[in-house]
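Reviewing the structure listed below.
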Amino acid sequence: MWLPHMKNGTWANQDSQDVYDKACEEIQNKENETQGPISSEQRSNIFQTAYKDTLKCKSSQPRGYGYMAKPPSGSERIRCQLEDQARAQAETQKVNSVLTNRVTELEDQLLAERESTQERINLEHAERENLEERLK
C-alpha cells in the first residue's frame, strides 16, 4: 500500500495511524464489494479520501508517497511562521484579556468584602462604646 509513519514499530503520531486504519478499512470494504483486489490507482484515491476525511483537510494536494508533494519555498515557510506567530499572539492576548477581567472582578469583590468588614467593625466598635457609656 504505502509506507506508514512508523518508528521502531510504533506510530509516529495518532493521525498517521487513524489515516492508515481508515484507508485499510475502506480498501478492504471495496475489495469485498468487488470480490477481488483493486488497482493501485483506486488504493491511492481511497487513501487520499481517507486522509482528507480523517484530518479534515481541504487541500486537494495529493498526500502519501512524498514524491507528489513539493516542499514549501522559503517565503512560504516564513509566511506560515508569521501566521502561526500571529495566531499565537492573538490567542495570548485573548487569554490575557480574560485573565485581566477576572483579576479586576476579584479585586472589586475583595474591595467590597473589605468595605463590608470595615462597616461591621465600625458598628461593633460603636456598639461597644455605647455599652461602655451605659455601664458608667
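The values are calculated or read from the model by the stated rules, or taken from the named source; none is laboratory data. For clarity, every value in this text was computed on a predicted model and none was experimentally measured. Cβ: placed from backbone, ideal geometry, glycine included. Neighbour counts: every protein chain shown.
Here ARG87 meets each of (1) of a type outside the set (Asp, Glu); (2) in the same structural domain as ASN13 (by TED's automatic domain parsing); (3) at pLDDT 90 or above with one exception, condition (2).
Taking residues in the stretch 28-40 that are more than 16 Å from ALA50 (Cβ to Cβ), and partners anywhere that are at pLDDT 80 or above and part of a helix (DSSP H, G or I), the pairs with Cβ atoms closer than 7 Å and at least 6 places apart or on different chains are PRO37/GLU31. Scan the stretch 65-83 and give yes if some residue there is closer than 20 Å to LYS22 by Cβ, at pLDDT below 95 and of a type in the set (D, E, K, R), otherwise no. No, the stretch 65-83 contains no residue that is closer than 20 Å to LYS22 by Cβ, at pLDDT below 95 and of a type in the set (D, E, K, R). Of the residues making up the stretch 21-42, those that are at pLDDT below 80 and either assigned to a helix (DSSP H, G or I) or not assigned by TED's automatic domain parsing to the domain that holds THR10 (or both) are SER40, GLU41, GLN42.
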